[in-house]
Amino acid sequence: MSAATPDQAPGQTARGIGLMILAMCLMASMDATAKWLVEEHSIAQILLVRFLMFLVVALALAARRGLAETLRSKNPGLQVIRSLVMLAEIYVFIWAFSLLPLADVHGIAAVSPLMAMALAVPLLGEKVGWHRWAAVAIGFVGVLVIVRPGSGVMGSAALVALFAAFLWGLFQVLIRKVGLNDSVETTALYTAIIAVIVLGVTAPFMWQPVDRGGWGLLLLVGVLGSLGHLVLFR
């Protein structure tokens, strides 16, 4: 989004790109599994199992520094907001998967990095050149080609996916913002705790019976989601 800062060596930038690609591969695999699950299970119960598994991982990471020390954030309010945005983003994405083919949702979601770049200007103070703004404009034209407003092909379902893409872009910017001061362990712990609290209150009212195969897929979503978020935070 901007040129490397003095403390951001080119090697770190390349590593960041590699980690982002890996995170997207993990998330895409998780999305495919979630689309299968959402046909017979509620979104809330899928996410509850996922984040209970992530909470175990986050607590294991926190054990190295101590729970109290890991919870000590330079900006706890922003960590809570970021966690809620993340939860809303995942919920809306899975909702979109239940309405549209996976390829269409990911086609629309391709605009999220462009949204993140635009949001990085007011939220992070990053400078974006004209050529990047041109890329944003072209990217939005591409999304319009996919959505085809007025054609009646996708309608409101496409707007759900587009809103999910906006939340995903905002989430990426907020990760960067909290990551300037807080460790990966702190961010992971806040993510898990906030998600489990919210879902622990709502999911029991939406719980659907789960067979052995369903539990296997739920656990797979948890593993892929946990790995994806850890790589993304890094």
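The set of residues from segment 191-223 being hydroxyl-bearing (S, T, Y) and open to solvent by 30 Å² or more (accessible area, probe 1.4 Å) comprises just one member, T202. Checking the stated criteria, G150 turns out not to satisfy the condition of being open to solvent by less than 40 Å² (accessible area, probe 1.4 Å) and either at pLDDT 70 or above or part of a loop (DSSP other than H, G, I, E, B) (or both). Does V184 fit the bill of being in contact with a Lys or Arg (Cβ under 6 Å, 6 or more places away or on another chain), closer than 22 Å to C25 by Cα and either basic (K, R) or surrounded by fewer than 21 Cβ atoms within 10 Å (Cβ to Cβ) (or both)? Yes, satisfied.
The values are calculated or read from the model by the stated rules, or taken from the named source; none is laboratory data. Predicted model only: the values in this text are computed from it and were never measured. Ideal geometry is used to build each Cβ from the backbone, glycine not excepted, and the neighbour counts take in all protein chains shown. Just so you know, the surface numbers come from the protein's heavy atoms only, side chains and all, with ligands and any DNA or RNA stripped out. Shrake-Rupley method; radii C 1.70, N 1.55, O 1.52, S 1.80 Å.
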